[in-house]
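The structure appears below as structure tokens.
The values are calculated or read from the model by the stated rules, or taken from the named source; none is laboratory data. Please read all numbers here as calculations on a predicted model, not as lab measurements. Heads up, the Cβs are rebuilt from the backbone with ideal geometry, glycines too, and the neighbour counts pull from every protein chain shown. To get the accessible areas, we keep the full protein, side chains included, count just its heavy atoms, and leave off ligands, DNA and RNA. Shrake-Rupley method; radii C 1.70, N 1.55, O 1.52, S 1.80 Å.
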2 protein chains.
Amino acid sequence: MAETDTSSAPSHPLIESDHVEGTAVFDAEGQRVGTIKRLVIEKITGQVVYAVTAFGGFLGAGSETHTIPWEQLTYDTRLHGYHTTITVEQLRRAPEFSRGDEALLSGHERQQLSDYYLYMAAP
Amino acid sequence: MAETDTSSAPSHPLIESDHVEGTAVFDAEGQRVGTIKRLVIEKITGQVVYAVTAFGGFLGAGSETHTIPWEQLTYDTRLHGYHTTITVEQLRRAPEFSRGDEALLSGHERQQLSDYYLYMAAP
């Protein structure tokens, strides 16, 4: 029989902006913990700066939305999704403005959020 | 009376992936010639590599969709849209695969398209 396991198929290196929603996010143990709702892009450079991500269930109170800096996400071509080492504890303590559906952060907020996850990720 | 001309308001430097559609594209003379349908993003780097853009009317045969390399688009914060120096003639002679709604180009096609517009833009 033909192999029908598409999970091992190589994923296309590109994605359309209108197909971003639903991309899976996995934690450090490889558990699927959420999905991307939208990416936020710098208009001038065309660089993604963060992802608004829905984390489901594991926070014990249904789904929560968090803004995750791009540098905290690493694409896994095998899993067709992003890995992150961010923990539940980090999400819970994240700056208030990043815990919600607000997508357009100020420059100051972006820096604050980036610093927060870089600092919390240190041993 | 309060100033209500929002066209001169500074635009936010960021845009959400689900709000990209409809962003205006202007030609070298500042004429609005089209709108972005979607951006296409490298999954690993998070960099936009091209824009699928609908050009309306000025080709004489209704709206046409073209894939435009990112480096051919420059954001104008005053106009809230992208400028391009690409001409009607260049669009007409563009590689067949870039003249349509096909969004996910191969690496070879991306290079070919980038080279085409860089070469055609030279004097």
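Among the residues of B:44-56, the average count of other protein chain beta-carbon atoms within 10 Å of the residue beta-carbon is 4. Give, ordered by residue number, each residue of the stretch B:26-40 whose 1.4 Å probe accessible area is reduced by a minimum of 30 Å² on adding the remaining protein chains to the chain alone. By number: B:Arg38, B:Leu39. Shown here for the stretch A:22-123: trypsin sites (Lys or Arg not before Pro) in loop regions (DSSP other than H, G, I, E, B) with at most 14 other Cβ atoms within 10 Å, namely A:Arg78.
Compute the relative contact order of the stretch A:17-120 as a whole-number percentage, counting only Cα pairs closer than 8 Å that sit 6 or more residues apart in sequence.
Values: 172 pairs, mean separation 23.4, N = 104.
Relative contact order, the stretch A:17-120: 23 percent.
Of all chain A C-beta atoms, the nearest to the rotation axis linking A with B is recorded, alongside its rounded Å distance, as A:Ser17, 2.
Around A:Ser114, under 14 Å between beta carbons, what's the net of Lys plus Arg minus Asp minus Glu among the other residues? Spelling it out: positives minus negatives among the neighbours equals -3.
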